[in-house]
2 protein chains.
Amino acid sequence: MKGSLTIVGLGPGAPELITPAVTDALKDSTDIVGYSKYIERVKDASGKSFHPSDNREEIDRAELSINLALQGKKVVVVSSGDPGVFAMASAIFEVVDKKNISRDDLPVVVLPGITALLAASARLGAPIGHDFCVINLSDNLKSWDILKSRVIAAAKADFVIAFYNPRSKSRKNQLSEIYDVLRKNCKSDRIVIYANSVSTDIRNTGYIYTPRYSGVEKN
Amino acid sequence: MKGSLTIVGLGPGAPELITPAVTDALKDSTDIVGYSKYIERVKDASGKSFHPSDNREEIDRAELSINLALQGKKVVVVSSGDPGVFAMASAIFEVVDKKNISRDDLPVVVLPGITALLAASARLGAPIGHDFCVINLSDNLKSWDILKSRVIAAAKADFVIAFYNPRSKSRKNQLSEIYDVLRKNCKSDRIVIYANSVSTDIRNTGYIYTPRYSGVEKN
């Protein structure tokens, strides 16, 4: 049997924000690979082999997924949000590329998901109705200088800016450095909004802030 | 009966990329408002009143939706992709704001959708694994100078850049002007990809280009 590898986005958390394409891919799979926290979200699926792993082990996870698929398994790799936005798609294609695996050997399918930015925006009203930038504050894969220069460019050009991965155990002070950059380069009326658990009770709560954004927590 | 107003994203085209949250909202509605092309996509729904209109009539559409909801209708406004990304959410909140309609008078709910960028990325592999910008090339709502300065800033800071609304009947020459800006400000190995109909047969086709992007149509 020919295996398959599908990288799917589970969206921000609410089950009703998982697309039917992803639900079908999970149903059709034999093996589900992912960060243990995301595997938790699909554990209801019965008769599947689950392969949970730690957050940082992207490349190991990619190799495991590819090997399972090459062995004939129908593998689904789960990401939170969208798999292309600072998530598993990059790691998988990096390994596919490095191992010179052709599309005939292993077709890889990516199924998009609702990334946190879209869910957060929905709860806020319409904050990204104009041009916006999405920046990963993790500097695991790029230098801090590049990161900072991008924040400056985005602030000066008056983009709405969404930051992903603002803080972690090993990156405690970077966010305040970014605030300094923003203070220097943004207009004084720039609003800062902190969003988490953006899809809880999404259908009933409506937008969180008034269109004028009064009451928004400011930096 | 108290009305409601829900602004939903239908995703890029494939029915299997419409979230269950949106499907439920459509089922629960009495009235569906939107650009006629998007209304076409939900016309199967029976027993609903449909209110199609032309593409450019965002504010009229917003006013109609709000009025219907204030009359007690359960109104769903349909957008393609995500309603917050250069779509109907902005127009609705603009009118809600102008008319000083409070959240108690009319709860407005926004339900996110798969925006074209995410669907295109999924088909391409992992092009937005790093920082990216999303720029609306329509200058209906901002000056051409602001638009150009943003493209320059994004190119210089080496963001991946996604352009929406690249061309229209009334904007025929702007795209080539943007190409000039990109030629001046991007590294020479910058890849340009044209994407449309990004969700056709999404589960079976897999990614379109190899991870090395060989064979990609270059500008």
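The values are calculated or read from the model by the stated rules, or taken from the named source; none is laboratory data. The model shown is predicted, which means the values in this text are computed figures rather than measured ones. Glycine also receives a Cβ, built like all others from the backbone with ideal geometry; neighbour counts cover every protein chain displayed. Heavy atoms of the whole protein, side chains included, go into the accessibility calculation; ligands, DNA and RNA do not. Shrake-Rupley method; radii C 1.70, N 1.55, O 1.52, S 1.80 Å.
Quick notes on this structure:
- When only the Cβ of Lys, Arg, Asp and Glu is charged (+1, +1, -1, -1), the dipole of chain B relative to its Cα centre reaches about 540 debye.
- Between the amide H of residue A:108 and those of B:207, distances stay under 5 Å, these residues lying 5 or more places away or on another chain, with hydrogens modeled in the peptide plane.
- The simple Förster model, with R0 at 22 Å and r as the Cβ-Cβ distance, assigns residue B:16 and residue A:16 a FRET efficiency of 0.90.
- Under 5 Å between amide hydrogens, built in the peptide plane, is the criterion, and for residue B:10 it picks out B:79, B:80, B:81 among residues at least 5 positions away or on other chains.
- Centroid-to-centroid separation of region A:124-174 and region B:130-203 [C-alpha atoms, Å]: 19
- Here the calculated FRET efficiency for residue B:194 and residue B:67, from their Cβ-Cβ distance with R0 = 41 Å, stands at 0.55, rounded to the nearest 0.05.
- DSSP assigns beta bridges within the protein assembly as shown; of those with both partners inside it, close to 15 percent run antiparallel.
- Label 7 Å beyond Cα on the Cβ vector: residue B:55 copy-to-copy distances, nm: 4.3
- Relative contact order (%) - chain B, alpha-carbon pairs under 8 angstrom, separation at least six: 24
- Straight-line cross-link partners of residue B:187 among the lysines, defined as a Cα under 16 Å from its Cα and at least 8 positions apart when in the same chain: B:156, B:218.
- Selection among B:147, B:95, B:129 by position relative to the dipole of region B:58-166 gives B:129 as farthest towards the positive end (Cβ unit charges, Cα centre).
- Result for chain A in a Gaussian network model with C-alpha springs under 10 Å: among A:189, A:82, A:105, the largest mean-square fluctuation is at A:189.
- Accessible area of residue A:18 in the full protein assembly, 1.4 Å probe (Å², nearest 10): 20
- With θ taken as phi - 60° and the Karplus curve 6.51 cos²θ - 1.76 cosθ + 1.60 applied, the whole-hertz 3J(HN,Hα) list for region A:118-134 is 5, 5, 5, 4, 4, 6, 9, x, 9, x, 10, x, 10, 4, 9, 10, 10 Hz, x standing for glycine and proline.
- Between region B:1-75 and region A:50-98, the Cα center-to-center distance that results, in Å: 37
- Nm distances between copies for residue B:189, ranked from closest, using label points 7 Å along Cα→Cβ: 4.3
- With each label modelled as a point 7 angstrom along the Cα→C-beta vector, the residue B:53-residue A:43 pair spans 4.9 nm.
- Normalising the Debye intensity of chain A to I(0), with uniform scatterers on Cα atoms only, and taking log10 at q = 0.15 Å⁻¹ returns -1.04.
- Most simply put, chain A has about 10% antiparallel DSSP beta bridges, counting only bridges with both residues inside it.
- Straight-line reach from residue B:184: taking Cα to Cα under 15 Å and skipping same-chain neighbours fewer than 8 places apart, the aspartates and glutamates in range are B:158.
- Cross-link check: pairs A:142/B:148; A:48/B:48; A:98/B:148; B:2/B:99; A:74/A:98; A:73/B:27 evaluated at a Cα-Cα cut-off of 29 Å; pairs beyond the cut-off: A:48/B:48; A:98/B:148; A:73/B:27.
- Of B:65, B:53, B:149, the one that fluctuates the most in a GNM where chain B has Cα springs shorter than 10 Å: B:149
- Cα-centred dipole magnitude for the protein assembly as shown, charges only on beta-carbon of K, R (+1) and D, E (-1), debye, nearest 20: 660
- Using the Cβ-Cβ distance between residue A:184 and residue B:144 with R0 set to 35 Å, the FRET efficiency from 1/(1 + (r/R0)^6) comes to roughly 0.80.
- Residue by residue, region B:41-47 carries 3J(HN,Hα) couplings of 6, 10, 5, 4, 4, 9, x Hz when phi is fed to the Karplus relation 6.51 cos²θ - 1.76 cosθ + 1.60 (θ = phi - 60°); x denotes Gly or Pro.
- Fully extended contour minus Cα-Cα distance, from residue A:2 to residue A:60, at 0.36 nm per residue: 18.7 nm
- Solvent-accessible area buried by B and A, counting both chains, probe 1.4 angstrom, square angstrom: 5400
- For region A:73-177, the fraction of 1.4 Å probe accessible surface lying on carbon and sulfur atoms is 50 percent.
- Couplings 3J(HN,Hα) of region A:168-183, computed from phi: 8, 4, 8, 10, 8, 9, 5, 4, 5, 5, 5, 4, 4, 4, 5, 4 Hz, in residue order, whole Hz [Karplus 6.51 cos²θ - 1.76 cosθ + 1.60, θ = phi - 60°; x for Gly and Pro].
- Across the identical copies, the 7 Å label point of residue A:2, projected outward along Cα→Cβ, sits 5.5 nm from its counterparts, in ascending order.
- Annotation: amide H of residue A:35 within the under-5 Å range of A:53, sequence separation 5 or more or interchain, hydrogens built in the peptide plane.
- Taking every protein chain into account, the accessible area of the protein assembly as shown amounts to 47 square angstrom per residue (probe 1.4 Å).
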